[in-house]
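A short reminder: the numbers here are calculations on the coordinates, not readings from a lab. Predicted model, so just to flag it, every value in this text is computed and none were measured. Because the Cβ atoms are built from the backbone with ideal geometry, glycine has one as well, and the counts that use them run over all protein chains shown.
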Amino acid sequence: MTSPKTRRAYHALAVAALAGATVAATAVPGYPQSSPSADQAPAITLPKGTPAGTTVLTAPSEPGTPALPGPVAAPAQPSANMGILSVTPDQGVAGTPVTVSGSKLVPGSQVALTWSTASATWMVQAEPDTVNYLGRANNEFAVDVASATVGADGRFRVALKAPQDFGGVHDIYAVTSGQEVAHGGFLLMRTVTVTPRSGPVGTPITITYSGLGPSLYTGGASLLYDNHYVGELMANWTRGTAQAVIRASGPVGRHVIQIGNAIRYLYLNVPQSPIPYTNGATVTFSVTKDDGAPAPQVDWPVSVAPTLSARTTLQATGLDAGSAVVPSLSVDRGQVGTPVHVTATGLASDAPVQLVWSTVVGNRVDCASTCWAFASTSLGSATPVSGSLSADVKAPDGLGGWHVVQLEQSGKVLGQVPFYLEESIVGQGVSSLVVKEGQDFTVHLKGVGWTQLDNTVGVDYDNSYVGYGCGFNSNGDVLIHLHATGGPGTHLIDMYPMLYSLSPSFASTPYGMVPVLTYAHDDPGLALGYRLPALRLAITVVK
C-alpha cells in the first residue's frame, strides 16, 4: 500500500505542476469491453459517522464493466531509503505508452511495479419499510501492473500503457521482497467525447467523460447545455468512465455543451482548485432542423442481477415462518395494470385465499418520527383445488417499487412473492401535444415510488433542470405542472431518476436532489433491483 504521507507529497507536486492545465475533448472509446478481474478488490469500510444499519453496496456485474488494472498487490512497507522512479511521460490519458525505469537497486533482484487505485460504491439503509440513500464510499489499494529483473548495473526499464482506471494521481512503486524501494507517479487525465455533433431536434447525444476520480470531490461531474444545468454524472461502478444520453434541443443553429468536475453543480474555477487536473471540455452541437415532436420514449437502464437480497422492503412482513406454501408469479415486474398470473402450492383446499398487495402510505414532510405505515390492498380471492392455487390479478394503481403479493388463508399470511411496479407514462404523457406559448400544461406519470431511491423524478425542459416531482403522498400518481416557453417549435421534457437526500439528514449525501444522468450504469437502485428509467416527452409550442 502507498503511505498517506507519500501520496500527499506527490499530490502536492502534481498540483503545482498542473496549475492552469486544461483538458481538450479527446477521442476515446466507450466503456472498455473487458471482463471483471478474477482478483477481488479489498472490501470498502464504512466512513466515520455513518448511521447504524448502513450497507455498502456491491456493484452489480455488467458486461463491459472495466476490470481492475491488475491483480491486487500483496501488502508492502516503504523503505527507509526510498529511491525515485523515472516515469516518462508522467501524465496522459488511458492507453498512453509509459516508460518506468529505476536505478541504484540490488542487481539481479525481482521488482514488481504497483499502481495505486481504488474502488468506489454507494451506501444505503435498507429498512423494513423503505430504503435511505446515504451517499458513497471508497477505498484505496494497489495492484500489480508489471515486473522486471534488475540488471547488473542496478537498473531496470519497463514499457507499459496507462491503464483504463479512475483518473487523478496514481502512485507507482517498485516493490522487492515486500518493500517499496522506489517511487514515482502518473497523472491519468480526463477525456470527453460527444457524438454525434449535429442532427435535428430530439437527436440522442451520447456524452462519455472518462478519468473521474474515486473520491468525493473528484467522483462527480456536471453537464450544461447552453449554460443551463442538465444534471450530474457519476462513475463509481464504471471505474471513472461516465456515460449519459441527452437529446438535442433548441432552435436551429449551434449549441454549447459543457462538462466538468462537480459535486452536483459545475465547479467553475477548477484551475485554481486543489484538483486542477479535473477539467472537462466544451464542445458544440448543431441543431440542423425541427422535424416536429418525437413520440414518447422510456429509456430503461441496464438489466443486472441485484446484489442486495433486501431489495424488496416488504418481503418478510407478517409471513408465517412455519408455512410450506410456495407462490410464484408469471411476471415479477410491470407497470400499473399489468396482468399477473398467480400460482401456489401447499395450501388447504377447504378455505378461500385472499390475494393482498402490500404497500405503504404516508409522506416525508416534517417527519420527527416515521411518517408512513404499511397498508394492504385486496387483489381478490380464489379457492385452491387439491392444495394448488391459480388466479389472475392486475398490478394495482399505486406506489412504484418493490412490493409483495401475499396469500392469506384462515387469517394467516402463508406465502408471498415480490413484484416490482415500474414507472410509466400515462397516455401521451402530456395534457396537450400542442400548447400555446406561455400557457400551462401537465405531465402525468404513474408508479413513482416512496424510497429515497425512487420517490422523485428530476425534470429537464429543453435540457434545463427546472425542478422535480414526488410521488409518495399521491400514491405513485404524479401530475407535474409546467409552462410552455422557448418560442414556437418543438420543446423537450426529459425526466431522470434522482437521489432524495433531505430526510433523514446525513452529512455525507452529496449528489442528491438533481437528475442522475448516469442512471443506466451507476445508480444505487440497480443493486436492489430498481430499474429507474429516463422518461422522454415533447410538445409543440405555437403562438
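Numbers for the structure displayed
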read-out	value
12 Å beta-carbon shell around Pro60, net charge (K/R +1, D/E -1)	-1
Summed residue charge, Cβ within 15 Å of Asn227's Cβ, Lys/Arg positive, Asp/Glu negative	-2
Disulfide-incompatible cysteines by the Cβ rule (no partner under 4.7 Å) in the chain	Cys470
Cα-based reach from Lys48 at 26 Å (exclusive), listing lysines while leaving out same-chain residues under 8 positions away	Lys5
Partners for Lys394 among lysines (Cα-Cα distance below 25 Å; same-chain residues under 8 apart left out)	Lys412, Lys446
Relative contact order (%) - criterion: Cα under 8 Å, at least six apart; region: the chain	15
Overall form of segment 445-516 per C-alpha gyration tensor (a/c, 1.5; a/b vs b/c)	oblate
Nearest 10 degrees, 0 to 90: helix 4-18 Cα axis against the chain principal axis	80
Prolate/oblate/rounded label for segment 309-421 (Cα gyration tensor, a/c 1.5)	prolate
At 1.567 mPa s and 4 °C, Stokes D of segment 61-146 from Kirkwood alpha-carbon radius, µm² per second	77
Segment 309-421 - percent relative contact order, Cα under 8 Å, separation 6 or more	37
Computed over segment 204-287, Kirkwood Rh from alpha-carbon pairs, angstrom	13.1
Cβ-based net charge around Thr490, under 9 Å, with every Lys or Arg adding one and every Asp or Glu removing one	-2
The chain - mean residue ellipticity at 222 nm from DSSP helices (-39,500 (n - 2.57) per run, n ≥ 4, rounded to 500)	-1000 deg cm²/dmol
Longest to shortest principal axis, alpha-carbon extents of the chain, angstrom	89, 67, 41
